[in-house]
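Working notes for the structure below.
The values are calculated or read from the model by the stated rules, or taken from the named source; none is laboratory data. Here the structure is a predicted model, which means the values were calculated and not measured. All Cβ positions, even for glycine, are placed from backbone atoms using ideal geometry, and neighbour counts span all protein chains on display. When the accessible area is computed, the model is the full protein with side chains, heavy atoms only, and any ligands, DNA or RNA have been set aside. Shrake-Rupley method; radii C 1.70, N 1.55, O 1.52, S 1.80 Å.
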Amino acid sequence: MKITLKVLLLNFILLAISHSMFAQANYRKIENYKVFYGWAHHFPQDWMILRQFENEGKAYYMLLNPQTLATKIDERSFYEVKPMSITEARNYFRNTPYQKAITRAEKQSLSIQDAGIESGVPKETGISLTADLCPSHRPLDKRIFTDIFNEFKKVEQPVPVALSVTGIWMRQHPQDLEWLKQMQAKHEIYITWINHSFNHRVSLKAPLKENFLLEPGTDISYEVLETEKAMLKNGLLPSVFFRFPGLVSDQQLVYKITDFGLIPVGTDAWLAKGQQPQAGSIVLIHGNGNEPTGVNDFIKLLQSKTQSIAKKQWLLYDLRESVDEEFQGQ
């Protein structure tokens, strides 16, 4: 009888942990949402504080585990806290994979396109898949998600995928967003949500140095923080990653993003442009219906790897774990 109770209790704990990984509360009445840095401790873990806000009378932090790059939202009262400046916080966590990754991104900030982390180093051959959800009148390209689930369900479940989402896309596609959340709730996929700006403005005529987030008059604080708030209101957990619209930035913009505590993520394999993924590549496709070529190329890539997938020789990697692994022990 005691053994049965222990087994039931263990199953309950595992179910609770599993549910907490996939379920994210909807914070619909966010107030005083702001950047806030510091150290937070709740035994046995040290966390880096990135944001603070209130919702329905309760105070919350957005917290980062600097070792695993995982984020979470939790009530402020649960933690021992020491407020810090951004410089103090980065110095305090200087030997963590997070700080090493953000420093690498800053060192790669000079390029007008594709600044930031471009690849991870997985243990075996495989990639980290990122799909961008830029503003679009077309529906979500669901083939990406159904195909990766069908290919990987026997060897890897839930299947990790990172989605770069804009505030406008969330506003325009509530049904598609709910469909993705349901896939995650059913443990078919696990989504890392990347901030991709709120408006994702683009000009067909302006040069790159005055385009996307480099457009004169852009309010970068609005673009970053309003997207995070929209994620939280929709029940999504913001990650520590940011992807520049059009992969366009300059050094000043990269440092503005890292001052928000975010790690810019680029790509070394934009499939629609003919770039071929290598071991550890961060692959880019667009899942917003605007880039069927890239999606078709990815599906062909999956089909070509069927036998390797079955043997667990070619896998999809969680972007956080892939980047974390690259900077462990450095």
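Observations on the structure shown:
- Residue that is modelled with the lowest pLDDT [pool: residues in region 112-125 that are over 18 Å from GLU156 (Cα atoms) and in a loop (DSSP other than H, G, I, E, B)]: VAL121
- Verdict on THR267 being surrounded by 20 or more Cβ atoms within 10 Å (Cβ to Cβ) and of a type in the set (S, T, N, Q): yes
- Taking the criterion of being open to solvent by less than 30 Å² (accessible area, probe 1.4 Å) and over 23 Å from GLN67 (Cα atoms), the residues of region 306-330 that qualify are ILE309, TRP314.
- Test: residue in region 149-169 that is more than 21 Å from ASP318 (Cα to Cα), touching a residue at least 12 places away in the same chain (Cβ under 8 Å) and not aromatic (Phe, Trp, Tyr): yes
- Residues that are in contact with a Pro (Cβ under 8 Å, 6 or more places away or on another chain) and farther than 13 Å from ILE282 by Cβ within region 295-324 comprise LEU301, LEU315, ASP324, listed in sequence order.
- Looking across region 226-249, the residues that are under 16 Å from GLU118 (Cα atoms) and either touching a helix residue (DSSP H, G or I) at 6+ places or on another chain (Cβ under 9 Å) or at pLDDT below 95 (or both) come down to VAL240, PHE241, PHE242, PHE244, PRO245, GLY246, LEU247, VAL248, SER249.
- Of all residues in region 227-279, those satisfying the criterion of being over 29 Å from PRO292 (Cβ atoms) and part of a strand (DSSP E or B) are VAL240, ILE263.
- Only residues that are more than 22 Å from TYR37 (Cβ to Cβ), at pLDDT 95 or above and touching a strand residue (DSSP E or B) at 6+ places or on another chain (Cβ under 8 Å) were counted in region 250-283, giving 0.
- Members of region 212-244 found to be within 16 Å of LYS256 (Cβ to Cβ) and open to solvent by less than 10 Å² (accessible area, probe 1.4 Å), listed by number: GLU223, VAL224, THR227, GLU228, VAL240, PHE241, PHE242, ARG243, PHE244
- Among residues that are in a strand (DSSP E or B) and modelled with pLDDT of 95 or more, TYR27 is not included.
- Residue pairs meeting the criteria (Cβ under 7 Å; at least 6 apart or on separate chains; first at positive phi, in region 307-330; second surrounded by 14 or more Cβ atoms within 10 Å (Cβ to Cβ)): LYS312/VAL155
- Residue in region 180-196 that is in contact with a Gly (Cβ under 6 Å, 6 or more places away or on another chain), crowded, with 18+ Cβ neighbours inside 10 Å and either at pLDDT 95 or above or within 21 Å of ASN296 (Cβ to Cβ) (or both) present: no
- If the condition is being β-branched (Val, Ile, Thr) and in a helix (DSSP H, G or I), then region 167-199 contributes only ILE168.
- Candidates SER109, SER128 - the one that is within 30 Å of GLN251 (Cα to Cα), within 20 Å of the chain's Cα centre (by Cα) and part of a strand (DSSP E or B): SER128
- Scanning region 141-169 for residues that are open to solvent by less than 10 Å² (accessible area, probe 1.4 Å), more than 15 Å from LEU284 (Cα to Cα) and under 19 Å from the mean Cα position of the chain (by Cα) returns VAL159, THR166, GLY167, TRP169.
- Residue check for VAL254: in contact with a Pro (Cβ under 9 Å, 6 or more places away or on another chain), buried (at least 20 other Cβ atoms within 10 Å of the Cβ) and within 22 Å of ASN211 (Cβ to Cβ): yes
- The numbered conditions (1) under 22 Å from the mean Cα position of the chain (by Cα); (2) open to solvent by 60 Å² or more (accessible area, probe 1.4 Å); (3) closer than 16 Å to HIS200 by Cα; (4) at pLDDT 95 or above are all true for ASN290 except (4).
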